[in-house]
Amino acid sequence: MTCFLIDDRVTIDAGSIAIGVNDAQRATVRDIIITHPHMDHIATLPIFVDDLFALLDEPVRIHATEEVCQMLRRDIFNGTVYPPFHKFSNERTHVMEFVPFRTGEEFRVAHLRVTAVAVAHIVPTVGMVFTDGETVIAFSSDTSATEEFWQLVNRLPRVDALLIEASFPNSLSKLAEVSGHLTPEALRQELTKLTHTGLEVLAVHLKPSFREQLIRELADLGVPRLSAMEAGREYSW
């Protein structure tokens, strides 16, 4: 399940947020960027908000495109799957609020500046670049071959790290294509669109059943500074 924690303040996606953060982080994370509404990216978001309900002094802010915000209201926080927390308050604050952003326009999330663009997945999905003013990270999110993301990344004067998906092994390239994902070979082809050099490239979203095979296939590409991201590890650039 996808969830990237940034500086103990912001997460990108919320697949494992309720079970992945510690008590100190649970007290500081109030901004969550959702790239798309697939379950592995939002699975424990309602549980995270539910757990904090009585403790909040400010709302948990869900940053997503308006289309994805509407999907979350309709399909998750709908009073059937989970309560509509965006309509609820405790004694001090609204519990949760949706904060829509527009693709192609920079927006702020806590201490970060973020720009998101549409990528090629089977539901509305964004990749993004974000910075704290010192470090610049690019994240593809779930995608197959895409163009606008690379245009965004290549316009930047510097990128310190790239997180790019590699979900299925090369033998399942047809499945990857129809489900809007990359294989290691497709990842290699995507990297030919990148004009920056010398940055660390981390493959993410590896399907657990194929993780060891994917790691071998990624290594066989011979791409400098490419490796599989490790769950639970802290990275800094």
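What follows is calculated from the coordinates using simple rules that are stated; it is not laboratory data. What you see is a predicted model; the values in this text were computed from it and never measured. Cβ sites come from the backbone with ideal geometry, for glycine too, and all protein chains shown count toward neighbours.
From the helices alone, meaning DSSP H stretches of at least four residues, give me the mean residue ellipticity at 222 nm for the chain, per-run term -39500 (n - 2.57), in deg cm²/dmol to the nearest 500.
Numbers: 9 runs with 65 residues, N = 237.
So the helix-based figure for the chain works out to -7000 deg cm²/dmol.
Give, in nm to one decimal, the length gained when the segment between LEU175 and ARG30 is fully stretched (0.36 nm per residue of separation minus the Cα-Cα distance).
Separation in residues times 0.36 nm, less the Cα-Cα distance, equals 48.6 nm.
How high is the FRET efficiency between ARG155 and GLU134 when r is their beta carbon distance and R₀ equals 22 Å, given to the nearest 0.05?
Given R0 = 22 Å and the Cβ-Cβ separation, E is 0.75.
What GluC sites (Glu not before Pro) in segment 19-124 are in a loop by DSSP, with at most 10 other Cβ atoms within 10 Å of the Cβ?
Passing sites in segment 19-124 are GLU91, GLU105.
Which part of segment 170-185 falls in the paramagnetic zone of ALA219, meaning amide N under 19 Å from the point 7 Å along Cα-to-beta-carbon?
It comes to 170-171, 184-185, nothing else.
Could you list THR192, THR11, THR2 in order of exposure, starting from the residue whose Cβ has the fewest other Cβ atoms within 10 Å?
THR192, THR2, THR11
Report the trypsin sites (Lys or Arg not before Pro) located in segment 66-125 that are in a DSSP loop and have at most 14 other Cβ atoms inside 10 Å of their Cβ, or state none.
Listed in order of number, the matching sites are ARG92, ARG102.
Nearest 10 degrees, 0 to 90: what angle lies between the long axis of helix 211-220 and the longest principal axis of the chain (Cα atoms)?
It works out to around 40 degrees.
Rounded to the nearest 20 Debye, what is the dipole magnitude of segment 102-237 about its Cα centre when Lys and Arg each give +1 and Asp and Glu each give -1 at the C-beta? Spell out each step's value before the answer.
On the way: 13 positive and 18 negative charges, 13 e Å.
That gives a dipole near 60 debye.
Each residue of segment 178-187 in order: what ³J(HN,Hα) in whole Hz does its phi give by Karplus 6.51 cos²θ - 1.76 cosθ + 1.60, θ = phi - 60°, with x for Gly and Pro?
These are the phi-based 3J(HN,Hα) values: 6, 9, x, 10, 10, 9, x, 5, 5, 4 Hz.
Relative to the longest principal axis of the chain, what angle (0 to 90°, nearest 10) does the C-alpha long axis of helix 66-75 take?
60 degrees
For LEU156, LEU55, what ranking results if the residue with the fewest other Cβ atoms within 10 Å of its Cβ goes first?
LEU55, LEU156
Write out the GluC sites (Glu not before Pro) in segment 109-200 meeting two conditions: DSSP loop, and at most 16 other Cβ atoms within 10 Å of their Cβ.
GLU134, GLU147
Under unit Cβ charges (Lys, Arg +1; Asp, Glu -1), what dipole magnitude, rounded to 20 debye, does segment 70-181 have relative to its Cα centre?
Details: 10 positive and 13 negative charges, 61 e Å.
Here the size comes out at about 300 debye.
If you place +1 on the Cβ of every Lys and Arg and -1 on the Cβ of every Asp and Glu, how big does the dipole about the Cα centre of the chain come out, in debye to the nearest 20?
Approximately 220 debye in magnitude.
Any chance you could run the full-extension gain for HIS196 through ALA228? It's 0.36 nm times the residue separation minus the Cα-Cα distance, nm to one decimal.
Working it through step by step, the gained length comes to 9.6 nm.
Shape of segment 1-101 from its Cα gyration tensor (a ≥ b ≥ c, root eigenvalues): rounded if a/c is under 1.5, otherwise prolate when a/b > b/c, or oblate?
Taking the square roots of the gyration eigenvalues as a ≥ b ≥ c, segment 1-101 is rounded.
Could you list THR103, THR195, THR28, THR183 so that the one with the fewest beta carbons within 10 Å of its beta carbon is first and the one with the most is last? Kindly include the intermediate steps, with their values, before the conclusion.
Values: THR103 17, THR195 11, THR28 14, THR183 26.
So the residues, fewest neighbours to most, are THR195, THR28, THR103, THR183.
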